[in-house]
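The block underneath contains the structure these notes are about, expressed in structure tokens.
The values are calculated or read from the model by the stated rules, or taken from the named source; none is laboratory data. Predicted model, so just to flag it, every value in this text is computed and none were measured. Here the Cβ positions follow ideal geometry from the backbone for every residue, glycine too, while neighbour counts run over all protein chains shown.
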């Protein structure tokens, strides 16, 4: 229970840092990442990076492409156990990517490792959510134009 309570504060910092990234400032988000390897990024805009300095550079590049955001971060699954934690959810809303305003819905999985008294990010996977056309599912907007951005 103590781990989950300490992780709640981390989730709020993650939301604030992701919001800053969508506003063009990647620094708060990069500060949440572990300085201990291994770390990895499978980004929605293409970069796959596996060391901290490359991840920082990728987030700065991605953030430089964003403007005019109205975004929400929703964590649908949060699990904390034995010094590891993960979140699964969506970042969704409207923003401009390279000056083109569009709707985006990014599926995001993040993995955290407990390092001392802090939770640090060690992995992020994000992709543009497809339309769910499975039987019985309500179709979800998948950011049709957003998936093509590179």
task = Could you tell me whether any residue of region 23-32 is under 13 Å from residue 122 (Cβ atoms) and touching a strand residue (DSSP E or B) at 6+ places or on another chain (Cβ under 6 Å)?
result = yes
request  = Look through 112, 128 and report the one residue that is surrounded by 15 or more Cβ atoms within 10 Å (Cβ to Cβ), within 15 Å of the chain's Cα centre (by Cα) and under 19 Å from residue 29 (Cα atoms).
outcome  = 112
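Residues checked against (1) out of contact with any strand residue (DSSP E or B) (no Cβ under 9 Å at 6 or more places or on another chain); (2) closer than 24 Å to residue 129 by Cβ; (3) in a helix (DSSP H, G or I); (4) modelled with pLDDT of 95 or more:
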position	(1), (2), (3), (4)
9	no, no, yes, no
16	yes, yes, yes, yes
21	no, yes, yes, yes
44	no, yes, no, no
76	no, yes, no, no
key: Residue count for region 41-59, restricted to those that are surrounded by 16 or more Cβ atoms within 10 Å (Cβ to Cβ), within 24 Å of residue 113 (Cβ to Cβ) and in contact (Cβ under 8 Å) with a residue 24 or more places away in the chain   = 6
